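Structure, as structure tokens:
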Amino acid sequence: MKKILVLSGSLRKDSLNTRLAGYIATNLPDGYEATSFDIGLIPLYNSDLEGDNTPPNVQHFRDALNTADGVFWTSPEYNYAIPGVVKNAIDWASRPMMPKNSIVGKPMNAVIATMSPTNGVRALADIKRLWNNCGGYSVMVYDTVLQAAHTRFVDENGAESLEPIAKKAIDLCIGNLVSAIELNAGATSLANWEALVASMK
């Protein structure tokens, strides 16, 4: 059974993004299971807390990343950028940078859920750019922002689901991440990272 770590970039109770993460986690294809981690448990990044001083929740987060075959982020957009809690989690995941951090070679997809009819694309671009910069592989086709997200959830036989257009879009995003995992799309990122490390010796 392959694992996808589904992460919400919102700490708010009843967050639209946490609800969307719940939909994703329960709608993975056969052969996949979802894992999760509350990134609100991670302290603010401080390089003094590395090595033997690494906080337990940081190590638990890294372990969750290391054991996942792929990652799926859902996140809001705050002030036209990613929330600080998302950047903080990525900062911790990218350390120690050498010889290989927990992001290197890891396929990832992301969706932004927002009440706005226009915003979201900046946060999406931020997450994917940062992931790639840290050596990961971001699914690039296609980028999805679930706008007016508060209108997209529906009840389906007692379980929360999405209206048909949103469901089709999110299911495609799930499928694209699964394809990246199955095709080992992160292999090039991993090989390039290993070449960089080797060149520094």
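Just so it is clear, none of the values below were taken in a lab; they were calculated from the coordinates. For clarity, every value in this text was computed on a predicted model and none was experimentally measured. As a convention, Cβ positions derive from the backbone with ideal geometry for all residues, glycine included, and neighbour counts pool all protein chains shown.
Structure summary
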read-out	value
Neighbour net charge for Y78 - beta-carbon separation under 15 angstrom, K R +1, D E -1	+1
Per-residue [θ]222 nm for the chain (sum of -39500 (n - 2.57) over DSSP H runs n ≥ 4, rounded to 500)	-12000 deg cm²/dmol
Within-12-Å neighbourhood charge of G136 [Cβ basis; K, R +1; D, E -1]	+4
Cut-off 14 Å (backbone N to label point 7 Å along Cα→Cβ of T188), residues of region 136-158	136-141
Residue-by-residue Karplus 3J(HN,Hα) for region 182-190, coefficients 6.51, -1.76, 1.60, Hz, glycine and proline x	5, 8, 6, 5, x, 4, 5, 4, 5
Farthest toward positive dipole pole in the chain [+1 Lys/Arg, -1 Asp/Glu at C-beta], among P56, S189, Y23	S189
Entries of K87/K201; K3/K201; K3/K100 with Cα pairs more than 32 Å apart	K3/K201
Residues S102, S75, S15 arranged by fewest to most Cβ contacts within 10 Å	S15, S102, S75
Largest-first principal axis extents of the Cα set of the chain (Å)	56, 34, 30
